[in-house]
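Values in this text are rule-based calculations from the coordinates and carry no lab data. Computed from a predicted model, the values in this text were never measured in an experiment. All Cβ positions, glycine included, derive from the backbone under ideal geometry; neighbour counts span all protein chains shown.
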Amino acid sequence: MSLLSHLRVSTLFFDMNSYYASVAQAEEPALMGRPVGVLALDDLLGVSLRMKARLEAAVWPGTKRGMIGHGQVLTGPNASPEGARLVTRRLLVKAAARLRREGYFARSLSISVKNGEKIEGRRRHSRDTTLCATQDTLFLLEVLAGLWAVLPPTPHHVAYTGAKTAFGRIPLREDFAE
């Protein structure tokens, strides 16, 4: 006789991510209330892809954007301090254009650069700052130059391996209504 053949399902619990069946077993009280398996929503009979989407939309609220950012792995001539700086400027310009297109304002700016070797005990160096709400690319480029200036200097033989620019906490235009 298998272990599961004499179990009976007494309660069915549902949560937002998984569906658990809890069992009650007279001979094995230690198993009471413990999950015996996980079912995805579309594993249930009669739940198609569209039905799954409707059910999930009813349970989970829509997401709210909290950040716009771009990143790039640096190779070739861009894997130098000057190349990384220029790529970071280009990423900022792209992110700022997207920011305006979607109707958001930047409230903070964060840059992160990853080095091929450790500098000051770390490979990744980042700086960030808070801003007055803005969409102005030229102002953001000035702020970027200030952040870039305080990054630790790197030896010329150390290649940069990545650069990232991100805007954080981007409120909607209505958040600034007077």
May I ask you to sort V47, V93, V87, V150 by Cβ crowding, counting other Cβ atoms within 10 Å and putting the fewest first?
-> V150, V47, V93, V87
Using 0.36 nm per residue, how much length does the chain from R107 to A145 gain when fully extended, once their Cα-Cα distance is taken away?
-> 12.0 nm
Hey, with R₀ at 25 Å, roughly what FRET efficiency would A40 and K94 work out to, going by the Cβ-Cβ distance, to 0.05?
-> 0.10
How high is the FRET efficiency from C132 to E82, r the C-beta distance, R0 35 Å, rounded to 0.05?
-> 0.75
